């Protein structure tokens, strides 16, 4: 099922629950309750959509999406001089369950597979994501290109499309499920709050890693004490914040050398290393060879 909604059509159609469907929307203004009928993806093509889901605020901008299940509730607000365009996709919970069942095999440790009770329950982590860094996001960007060319066309989507989307959702959430399991909290909501805070810290590091970073500053960005932040970060991501920062710098330096043809000193400085000798030593320790090996 494919539908188009704007200011003239918002309340003219009742949509089914727990089914597969895609909606394209275009609004300047909107204030409406959200009915999470299934696994719902709210992807923004242009502009910004403000959501409040289960009491948590999300400002979803272009190229980002919100994912929540049918245990969630809230409302959406749009107020813009320019048309805000988005895609809403519902994926049947039964399809998610089928995908999870297909992952159960002797080759995969059972503790690494999210249980069906995680997805189809209030324990699921509703959250906001960049489409750049997830398998689900890759599929959403492809869909964006198709619908943006002709949003009012007669689009049909096969069962294979929804199956692939369900597989991507499950694959994206395997590490998230494992991260939640690492947080030593009794209440599910406490685990989710802490993981959101840690992801907020990751976003901050990802935006500023080429500049000098102080761990206490990163901790304050996610409203945790430095000790609590350091402890939780190491538990969840299996490395210290400083190790993560160095890893980001090294991977960026490698990209500069391999893809952009930067020389070693330029790559070191642009990735945030102030000492070229220390950069080369750290690079070799991590990648097993000197930076010069990657120069064209």
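With 10 Å bins beginning at zero, the pair-distance distribution over Cα atoms of the chain amounts to 6, 23, 29, 24, 15, 3, 0 %.
Distance between the 7 Å Cα→Cβ label points at residue 116 and residue 15: 2.5 nm. Here region 244-294 yields Rg over Rh of 0.90, to two decimals, using C-alpha coordinates and the Kirkwood radius.
Helix content alone sets the calculated 222 nm mean residue ellipticity of the chain: runs of n ≥ 4 DSSP H residues at -39500 (n - 2.57) each, divided across all residues, give -14500 deg cm²/dmol.
Annotation: the residues 224, 270, sorted from fewest to most other C-beta atoms within 10 Å of their own C-beta, follow the order 270, 224.
Return the equivalent ellipsoid semi-axes of region 2-87 as a descending list in whole Å, where each equals the square root of 5 times an eigenvalue of the C-alpha gyration tensor.
Working through the eigenvalues yields semi-axes of 18, 16, 12 Å.
Distance between the modelled labels on residue 1 and residue 196, one decimal in nanometres: 2.9 nm (7 Å Cα→Cβ projection). Per-residue extension of 0.36 nm, minus the Cα-Cα distance of residue 83 and residue 181, leaves a gain of 31.2 nm for this segment. Quick one: if the Förster radius is 22 Å, what FRET efficiency do residue 252 and residue 138 give, using the C-beta to C-beta distance and rounding to 0.05? Result of the calculation: an efficiency of 0.55. One equal scatterer on each Cα of region 121-168, no solvent, Debye formula: the resulting log10 I(q)/I(0) at q = 0.23, 0.24, 0.26 Å⁻¹ is -0.98, -1.01, -1.07.
With a simple spin-label model that places each label point 7 Å from the Cα along the Cα-to-Cβ direction, the separation between residue 149 and residue 266 comes to 3.7 nm. Region 188-238 gives an Rg/Rh value of 0.96, both radii derived from C-alpha positions and Rh following Kirkwood.
Legend: calculated FRET efficiency, residue 289 to residue 163, from the Cβ-Cβ distance at R0 = 41 Å, rounded to 0.05, equals 0.50. The ranking of 167, 49 from fewest to most other beta carbons within 10 Å of each one's beta carbon is 167, 49. On the beta carbon distance between residue 240 and residue 75, with R0 = 45 Å, the FRET formula returns roughly 0.70. When both region 208-235 and region 152-166 are represented by their alpha-carbon centers, they are found 41 Å apart.
Rounded to two decimal places and with Rh computed the Kirkwood way over Cα pairs, what is Rg over Rh for region 176-296?
Expressed as Rg/Rh, it is 1.06.
If the chain between residue 281 and residue 221 were fully stretched, how many nm would it gain, using 0.36 nm times the residue separation less the Cα-Cα distance?
Details: separation 60, 0.36 × 60 = 21.60 nm, distance 3.10 nm.
That works out to 18.5 nm of additional length.
If you build a Gaussian network model of the chain, linking Cα atoms that sit under 10 Å apart, which residue out of 199, 150, 28 swings the most? Fluctuation is largest for 150.
Test of understanding: what is the full-extension gain from residue 54 to residue 172, defined as 0.36 nm times their sequence separation minus their Cα-Cα distance? Write down the numbers at each step before the final one.
Numbers: separation 118, 0.36 × 118 = 42.48 nm, distance 2.14 nm.
Between residue 54 and residue 172, full extension yields 40.3 nm more.
Values quoted throughout were computed directly from the atomic coordinates according to the rules given, and no laboratory measurement underlies them. What you see is a predicted model; the values in this text were computed from it and never measured. Counting neighbours? That spans all protein chains shown, and the Cβs are built from the backbone with ideal geometry, glycine included.
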